[in-house]
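Provided herewith is a single structure, encoded as structure tokens, for subsequent inquiry.
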């Protein structure tokens with residue numbers, strides 16, 4: 001499946017609109033995945049006349065066709081069937097995401113990893129339970145997780161939207 005970068009950006013804008021219009025519809029990991037799939041599907045349909053069928057999206061996403069159809073109708077209704085993104089909106093959204101990624105990158109480049117001067121290979125850290133209480137504690141003061149982690153409800157998504165809106 002081939003989706004243009006602009007369709008991906010538009011899909012993220014659709015998700016932002018959905019979250020602004022109906023925040024309660026964006027809950028849980030299963031819902032987030034279906035919303036992402038449908039947002040990509042709608043952006044691709046809106047931008048390209050030669051698009052994939054809902055059945056193709058169901059096969060690729062491993063979501064039931066009936067579920068994709070239902071989420072698509074609810075998604076469209078929540079956006080008042082308005083999928084148009086003006087050039088200005090697109091440029092503002094692109095600038096917003098670039099600003100967020102620049103902020104994320106500058107944070108990631110900071111030397112904030114608490115174990116940076118340890119002369120221990122990573123594989124040994126996992127074999128020494130006294131060094132950490134759980135696997136994620138190793139990264140508690142490191143760069144934030146990648147922006148694709150918990151896109152809808154995570155604090156990094158909220159930060160990005162806060163920058164953008």
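The values are calculated or read from the model by the stated rules, or taken from the named source; none is laboratory data. Because the structure is a prediction, the values reported are computed rather than measured. In this analysis, Cβ positions are derived from the backbone assuming ideal geometry, glycine residues included, and neighbour counts consider all displayed protein chains.
If we scan the range 44-56, do we find a residue that is over 26 Å from residue 98 (Cβ atoms), touching a helix residue (DSSP H, G or I) at 6+ places or on another chain (Cβ under 6 Å) and not in a helix (DSSP H, G or I)?
Among the residues of the range 44-56, at least one is over 26 Å from residue 98 (Cβ atoms), touching a helix residue (DSSP H, G or I) at 6+ places or on another chain (Cβ under 6 Å) and not in a helix (DSSP H, G or I), which makes the answer yes.
Since residue 18 meets every condition but one in (1) more than 18 Å from the chain's Cα centre (by Cα); (2) in contact (Cβ under 8 Å) with a residue 40 or more places away in the chain; (3) in a helix (DSSP H, G or I), which condition does it not meet?
That leaves (1) as the condition not met.
Okay, moving on. Within the range 59-74, track down each residue that is assigned to a helix (DSSP H, G or I) and more than 19 Å from the chain's Cα centre (by Cα).
59, 65, 66, 67, 69, 70, 73, 74
Please find, among 111, 137, 119, the residue that is at pLDDT below 50, more than 29 Å from residue 13 (Cα to Cα) and either surrounded by fewer than 10 Cβ atoms within 10 Å (Cβ to Cβ) or in contact with a strand residue (DSSP E or B) (Cβ under 9 Å, 6 or more places away or on another chain) (or both).
The match here is 119.
Contact list please: Cβ distance under 7 Å, first residue in the range 67-80 and within 12 Å of residue 15 (Cα to Cα) and in the same structural domain as residue 19 (by TED's automatic domain parsing), second residue at pLDDT 95 or above and outside any helix (DSSP H, G or I), pairs at least six apart or on different chains.
Listed by first residue and then by second, the contacts come to nothing, as the list is empty.
Considering the range 80-93 alone, what residues qualify as being modelled with pLDDT under 95 and surrounded by 14 or more Cβ atoms within 10 Å (Cβ to Cβ)?
85, 90, 92, 93
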